[in-house]
Amino acid sequence: MTRTPNFKGDDDIDWSEHAEQQIKLGMQDFQPKNLDYFADLIPPEALVLDFGCNIGRWAKAIVGNGWNYVGLDASETALELAHDYYTTYCLEKKIPQSIYFIHSNGLNMTEHDILTKDSFDLIFTNAVLQHIHNVHKTRILINMFYLLKPGGHLVIQEVVDAKNIRAGDRSWWINEIEDVGFSFLKHTEPNDTRNGFVFRKPLKE
């Protein structure tokens with residue numbers, strides 16, 4: 001394929017190159033751990049935003065729960081690869097096309113026509129925020145708050161490491177996200193490598 005311009009994030013990782021490597025490793029066939037620790041909170045046919053989706057590895061698990069999937073990423077290369085794969089996947093499996101992809105860096109995502117206020121039931125992100133400078137992270141979390149429906153949920157799976165300048169221990173993550181206006185609900189057990197955190201947008205702002 002013809003490479004679109006590279007995208008490097010705040011930590012200087014080339015995420016377009018990363019996407020191509022993931023494809024070579026067959027990671028679109030990766031079966032992620034299930035979403036059992038929060039799935040019961042999300043209504044059937046929910047609209048879900050996968051922030052920092054890259055090649056869309058979590059799309060199958062999200063659609064498998066009966067939800068509708070929108071993947072968002074700043075790498076055009078990753079989105080091209082994801083779109084090609086899932087167009088074929090939906091045809092082969094004879095399932096409705098409930099998987100869509102949007103190009104955005106997160107800082108400007110509220111300017112997109114499809115990404116409107118109070119529109120998502122769930123925003124899910126896996127190992128993305130830990131790569132973003134804290135000043136940008138706050139702006140992105142504010143945008144996520146804007147996009148979620150009142151009562152909607154934010155689920156993050158992130159590194160828990162007090163030595164990481166863009167992350168921290170469990171209390172650090174909770175405090176960072178509560179400061180934006182979310183209410184903390186729970187996190188996975190300390191020995192669960194998913195390091196999942198569940199937050200809710202209050203019903204009234």
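The values are calculated or read from the model by the stated rules, or taken from the named source; none is laboratory data. Just so it is clear, the structure is predicted and the values come from calculations on it, not from any experiment. All Cβ positions, glycine included, derive from the backbone under ideal geometry; neighbour counts span all protein chains shown.
Can you report the number of residues in the range 131-167 which are over 19 Å from Gly181 (Cα atoms), surrounded by fewer than 21 Cβ atoms within 10 Å (Cβ to Cβ) and either of a type in the set (D, E, K, R) or touching an Asp or Glu at 6+ places or on another chain (Cβ under 9 Å) (or both)?
Number of matching residues: 7.
Kindly evaluate Thr88 against the criterion of being among the polar types (S, T, N, Q), touching a Lys or Arg at 6+ places or on another chain (Cβ under 9 Å) and either assigned to a helix (DSSP H, G or I) or surrounded by fewer than 19 Cβ atoms within 10 Å (Cβ to Cβ) (or both).
No: the conditions fail for Thr88.
I'm checking my understanding of the structure. Among residues of the range 73-85 that are assigned to a helix (DSSP H, G or I) and of a type in the set (D, E, K, R), which one is surrounded by the most Cβ atoms within 10 Å (Cβ to Cβ)?
The extreme case among them is Glu80.
If we keep just the residues of the range 37-51 that are under 15 Å from Leu154 (Cα atoms) and free of Cβ contacts under 8 Å to residues at least 60 places away in the same chain, which is surrounded by the most Cβ atoms within 10 Å (Cβ to Cβ)?
This residue is Ala39.
Can you pull out every residue in the range 177-205 that is of a type in the set (Val, Ile, Thr) and part of a strand (DSSP E or B)?
Taking the range 177-205 as the starting set, the residues that turn out to be of a type in the set (Val, Ile, Thr) are 177, 180, 188, 193, 198.
Answer for the range 177-205, where residues must be of a type in the set (Val, Ile, Thr) and part of a strand (DSSP E or B): just Val198.
Taking the condition of being small (Gly, Ala, Ser) and in contact with a strand residue (DSSP E or B) (Cβ under 7 Å, 6 or more places away or on another chain), how many residues in the range 46-73 meet it?
5
Could you please give the count of residues in the range 109-132 that are more than 27 Å from His18 (Cα to Cα) and hydroxyl-bearing (Ser, Thr, Tyr)?
2
Name the one entry in Asn54, Asn34 that is under 16 Å from the mean Cα position of the chain (by Cα) and surrounded by 19 or more Cβ atoms within 10 Å (Cβ to Cβ).
Working: Asn34 fails: surrounded by 19 or more Cβ atoms within 10 Å (Cβ to Cβ).
That would be Asn54, the only listed residue that is under 16 Å from the mean Cα position of the chain (by Cα) and surrounded by 19 or more Cβ atoms within 10 Å (Cβ to Cβ).
Quick check on my filter: what residues within the range 94-116 are in a strand (DSSP E or B) and surrounded by fewer than 20 Cβ atoms within 10 Å (Cβ to Cβ)?
Selection gives Tyr100, Ile102, His103.
Out of the range 117-163, which residues are modelled with pLDDT under 95 and in a strand (DSSP E or B)?
Residues satisfying the conditions are Asn126, Val160.
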